[in-house]
Amino acid sequence: MKSPAATRTKKPRAGKSLAGLEKEKKKLNEYIRDKVNQLLTVMGTKALDEHELDESDFLQLDPIGIIALSFEQVLEHLKETNKSLGVAKNQLQAVFDTAGVCISIVDSDMRIVNCNEKQKELLVSDRDEIIGHHCYEVYCGKESPSLDCPAIETLATGRPVLVREVKKKSRHFQIVTSALKDKAGNITGVIEVSMDVTEKKKAEEAMRQAEKLSAIGLLAAGVAHELNNPLGNILGYALLALKDPALQADQREKLEIIVEQAKKGSEIVKGLLNFSRQSQPLFEEISIEDVIRKALKNLSSRLLAQSVEVTLDIGDMPRVMADPKQMEIVLMNLLINSMQALEGRPDGLIKIAAGKKDGFLEVSIKDNGPGIPKELLPDIFDPFCTTKPVGQGVGLGLSICSGIIKKHNGSISAGSAEGAVFAFAIPLERKN
Amino acid sequence: MTKDIMLDIRGQICPACLLITLREIANNKFSLKRGQSRLVVKTDHRDATRTIPGAAVSMGYETRTEKTDGYYEITIEYRK
């Protein structure tokens, strides 16, 4: 239908016939009815029937006026709804971003639609562009999804999938995927929620380690106790027998071997007992420099005999709360360890350094020996981990050191670079 | 206290039903929006039970339709 504007282009001339005016009025009415019908369809109802409302009823009802007022309310409602949606969106985004778990939404093509801050922090530290990229590429660093990918399974079945543990970017995650569906029930994507369980795993590992150490401690104490008496008897009788003036040279030599081996056995038993009797530290204010110097004094004759040079680099350090006897055990063990590594070397050198670092007092002992084999480093503080020949130690020294430092709320580490480096750190201020 | 505004359009068919109801909503917009009144429409035209609630909801109102003896009663009210 032509718009009335088109009709109006021809202005009714004065003296236009009544029939012509009636015709124009009818056209105008038809135009209004047509537009009203369009608006009614928008309002959600069917069009006006020609015979439903006659011309006079139709004009009297003022449909355009009514619909205009209704549209005004529709617009008001839409504005309010938009405002509420904006607020809800912001609140949802805040919850999304502050959630303690990683959340990511991917589409059916496995492209990332959205992800929260935690996800970016833990899994996307190395890139800026995330949205629109494939999740397996961004989160897993792969060119295609792996066969056991939970998102693939959820996309295929629509069912949620729980993966108890996945290692991604050096951290451990527990992942749950659930399907996103449209109104018709078609799967349109996947929500992937990953919980970082790295700390929990570490705590479980520490607990397992503690239980293992406790069991080994009990066993060591039992074995040490049972061996101590027979060893004492062997040593005692061998020493007694050595006093016999009638002994022949070869007999004396054999008895001396018995004494020497019994003493070695006693040292091992002593080590086992030390390991099993790791007690709570008795804290007092000490100077770590005094402890280092005391340990060096205790070992001075052996250091001299082995021609090992020792350098000290000790900065200005405050006194700390620690158990002096236990600290001495740690230093003695680490120094003996270095000395054993330097046996047979004419240019043996041990560098001891101590200083403050990030609220901790750090002591490092470095030697120029052969170093620690790389494969041994992860287990170096485990009991009975040793590279020494049989009879020269059972591998309890470093385990004892580790136990003592942990009880001081500190940390101990081992490294290997042109020799071995052991370092431990204890807090400058002790917390109750 | 909420006042009921009664609108009896029994005998009317769509779209007149809808237009009359929309006019009543527009005339009572302020008292409806303030929760001072609610509009109760009586209609015997089944189509109106779909068109009236549809239009009212798009304007932000809540509706409830009940079938009574031979006609429908559509209650339209505003809830923040």
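Just so you know, all these numbers are worked out from the coordinates, no wet-lab data involved. Fair warning: this is a prediction, and the values are worked out from it, not measured in the lab. Positions of Cβ are generated from backbone atoms using ideal geometry, with glycine treated the same way; all protein chains shown enter the neighbour counts.
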Kirkwood Rh in Å, taken over all unlike Cα pairs in the stretch A:58-129: 16.0
Debye intensity ratio I(q)/I(0), log10, the stretch A:99-196, q values 0.11, 0.22 Å⁻¹ (C-alpha model): -0.28, -1.18
Sites A:Ser411 and A:Arg111, calculated FRET efficiency, Cβ-Cβ separation with R0 41 Å, nearest 0.05: 0.45
Label-point separation, A:Glu285 to A:Gln251 (7 Å along Cα→Cβ), nm: 6.3
Angle between chain A longest axis and helix A:288-298 axis [Cα atoms, degrees, rounded to 10]: 30
The stretch A:282-359: trypsin sites (Lys or Arg not before Pro) in DSSP coil with no more than 15 other Cβ atoms inside 10 Å: A:Arg319
Point-to-point label distance, A:Lys79-A:Asn274, nm (Cα→Cβ direction, 7 Å offset): 8.3
Fraction of the pair-distance distribution of the stretch A:225-355 above 17 Å, Cα-Cα pairs, percent: 70
Rounded to 10°, Cα long-axis angle of helix A:198-242 versus longest principal axis of chain A: 10
Using θ = phi - 60° and Karplus 6.51 cos²θ - 1.76 cosθ + 1.60, couplings along the stretch A:99-111 (whole Hz; Gly, Pro as x): 4, x, 10, 7, 10, 9, 10, 10, 8, 5, 8, 6, 9
Cα centroid of the stretch A:196-211 to Cα centroid of the stretch A:109-187, whole Å: 26
Least to most buried among A:Met332, B:Met6, B:Met59 (fewest other Cβ within 10 Å first): B:Met6, A:Met332, B:Met59
Percentage, to the nearest whole number, of Cα pairs in the protein assembly as shown over 46 Å apart: 54
Relative contact order computed over chain B (Cα-Cα under 8 Å; 6+ residues apart), in percent: 34
Whole-number D in µm² s⁻¹ for the stretch A:284-427, Kirkwood Cα-pair radius fed into Stokes-Einstein, 10 °C, 1.306 mPa s: 103
Order of A:Val190, A:Val87, A:Val101 - criterion: other Cβ atoms within 10 Å of each residue's Cβ, fewest first: A:Val87, A:Val101, A:Val190
Fraction of antiparallel bridges per DSSP, chain B only, in percent to nearest 5: 65
Using a Förster distance of 45 Å, the FRET efficiency for B:Arg46-A:Lys23 (Cβ separation, nearest 0.05): 0.70
Long-range HN-HN contacts of A:Thr188 with modeled amide H, under 5 Å: A:Leu180, A:Lys181, A:Asp182
Euclidean distance of C-alpha centroids, the stretch A:238-316 and the stretch B:46-71, integer Å: 97
J(HN,Hα) series, the stretch A:35-42, from Karplus relation 6.51 cos²θ - 1.76 cosθ + 1.60, nearest Hz, glycine and proline x: 5, 4, 4, 4, 5, 5, 4, 5
Relative exposure of A:Cys385, B:Cys17, judged by other C-beta atoms within 10 Å (fewest first): A:Cys385, B:Cys17
Table column - 3J(HN,Hα) (Hz), the stretch A:368-373, Karplus curve with 6.51, -1.76, 1.60, x for Gly and Pro: 9, x, x, x, 9, x
The stretch A:122-191, relative contact order in percent, only Cα pairs under 8 angstrom and at least six apart counted: 22
Helix axis angle, A:63-98 relative to chain A longest principal axis, alpha carbon, degrees: 0
Globularity ratio of the stretch A:127-184, using Cα Rg and 2.2 N^0.38 Å: 1.22
Most mobile listed residue (B:Thr43, B:Thr68, B:Thr21) in chain B, GNM with C-alpha springs under 10 Å: B:Thr68
